[in-house]
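Chemist: Once you've had a glance at the structure underneath, I'll fire off some questions.
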Amino acid sequence: MRAGTDAAIAAAYDARAAEYVAALGAVEQMDARDAAVIARWRDDTEGALLDAGCGPGHWTAFLAERGREVRGIDLSAEFVDRARQRHPDIVFDRGSFRELPLANGSVGGVLAWYSLIHTPPDGLPEILDEFARVVAPGGSILIGFFDGEPREPFEHAVVPAYFWSAESLGAMLTDAGFEVVASEARGREPGELSIRAHASVAARRRSDRRAA
């Protein structure tokens, strides 16, 4: 099974789902600064939201606060099963970002919080194009990632991953039909579970992009 394929990523997370949920399966276990970034994006984004790479559903439920229409999708069958058990009122799909089960322009925003880090760089444009297809004009995308030398691979605890920068992702988002509106970066602080610097980029879907 080739590293970086959907099947390889799904199998790796299926095998460690219980461990992941115990360590990182609740919003309360996340960095408060991440929650603030996601909450601000959620509240500034209109329409239905998609949590792409929902894991066990903790960020999906966070997005669904205040009655928002939200659904999640993940490659891992174990994660999707756990998400459905924990949040039975939210729709969760098992599937690939390359072929989302959504109509053109049907969501107002996509959250991809550290869910693109395992995608080989040459496969990322296809996924960003698919995100652009389902996001309505004027809608938004928020991507969380590990900040570093763009496209440089590193050994991740679950499956190999890649560093990105706001500039490199911004260029790819522009090509996909988005306009970057915000970015932030922060280094690791003592006591954090992660050993790497973090960053995020938010972009708005341009109205001049033609749907596929």
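The values are calculated or read from the model by the stated rules, or taken from the named source; none is laboratory data. As the structure is a prediction and not an experimental result, all values here were calculated from the model. Please note: Cβ atoms are built from the backbone with ideal geometry, for glycine as well, and neighbour counts cover all protein chains shown.
Chemist: Specify the residue that is nearest to A11 (Cα to Cα); the eligible residues are those in the stretch 150-190 that are among the charged types (D, E, K, R), modelled with pLDDT of 95 or more and out of contact with any Ser or Thr (no Cβ under 8 Å at 6 or more places or on another chain). Outline the logic, then answer.
Modeler: Of the stretch 150-190, the ones among the charged types (D, E, K, R) are 151-152, 155, 167, 175, 179, 184, 186, 188-189.
Going one step further and asking which of them are modelled with pLDDT of 95 or more, we end up with 151-152, 167, 175, 179.
Imposing the further condition that a residue be out of contact with any Ser or Thr (no Cβ under 8 Å at 6 or more places or on another chain) reduces the set to 152, 167, 175, 179.
On the way: E152: 23, E167: 31, D175: 31, E179: 34 Å.
Per the stated criteria, the residue is E152.
Chemist: Assuming I127 fulfils every condition listed in (1) crowded, with 22+ Cβ neighbours inside 10 Å; (2) of a type in the set (A, V, I, L, M, F, W, C); (3) free of Cβ contacts under 8 Å to residues at least 40 places away in the same chain apart from one, which condition is it?
Modeler: (1)
Chemist: Within the bounds of the stretch 130-141, is there any residue that is outside any helix (DSSP H, G or I) and surrounded by fewer than 17 Cβ atoms within 10 Å (Cβ to Cβ)? First the steps, then the outcome.
Modeler: Step one: of the stretch 130-141, the residues outside any helix (DSSP H, G or I) are 135-141.
Checking which are surrounded by fewer than 17 Cβ atoms within 10 Å (Cβ to Cβ) leaves us with 137-138.
Yes, the stretch 130-141 contains at least one residue that is outside any helix (DSSP H, G or I) and surrounded by fewer than 17 Cβ atoms within 10 Å (Cβ to Cβ).
Residues are listed down the side, and each one gets a yes or a no for (1) touching a His at 6+ places or on another chain (Cβ under 7 Å); (2) more than 27 Å from E19 (Cβ to Cβ); (3) not hydrophobic (A, V, I, L, M, F, W, C):
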position	(1), (2), (3)
G47	no, yes, yes
A61	yes, no, no
R68	no, yes, yes
F79	no, no, no
Q85	no, no, yes
I90	no, no, no
F97	no, no, no
G105	no, yes, yes
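Chemist: Here's a follow-up. Counting only residues that are over 14 Å from the mean Cα position of the chain (by Cα) and among the basic types (K, R), which one in the stretch 51-75 is modelled with the highest pLDDT?
Modeler: R68
Chemist: Mind telling me which of the residues G55, G67, G109, G47 ends up being of a type in the set (G, A, S) and either touching a Lys or Arg at 6+ places or on another chain (Cβ under 7 Å) or within 20 Å of D6 (Cα to Cα) (or both)? Talk me through it step by step, then tell me what you get.
Modeler: Working: G67 fails: either touching a Lys or Arg at 6+ places or on another chain (Cβ under 7 Å) or within 20 Å of D6 (Cα to Cα) (or both); G109 fails: either touching a Lys or Arg at 6+ places or on another chain (Cβ under 7 Å) or within 20 Å of D6 (Cα to Cα) (or both); G47 fails: either touching a Lys or Arg at 6+ places or on another chain (Cβ under 7 Å) or within 20 Å of D6 (Cα to Cα) (or both).
Sole residue among the options that is of a type in the set (G, A, S) and either touching a Lys or Arg at 6+ places or on another chain (Cβ under 7 Å) or within 20 Å of D6 (Cα to Cα) (or both): G55.
Chemist: On to the next question. Within the stretch 70-88, how many residues turn out to be in contact (Cβ under 8 Å) with a residue 12 or more places away in the chain and either loosely packed, with under 14 Cβ neighbours inside 10 Å or of a type in the set (G, A, S) (or both)?
Modeler: Total meeting the criteria: 4.
Chemist: Tell me, which strands (runs of 3 or more DSSP E) lie completely within the stretch 1-114 with 2 or more residues that are within 27 Å of S183 (Cα to Cα) and of a type in the set (A, V, I, L, M, F, W, C)?
Modeler: The qualifying strands (runs of 3 or more DSSP E) are 49-52, 70-74, 107-113.
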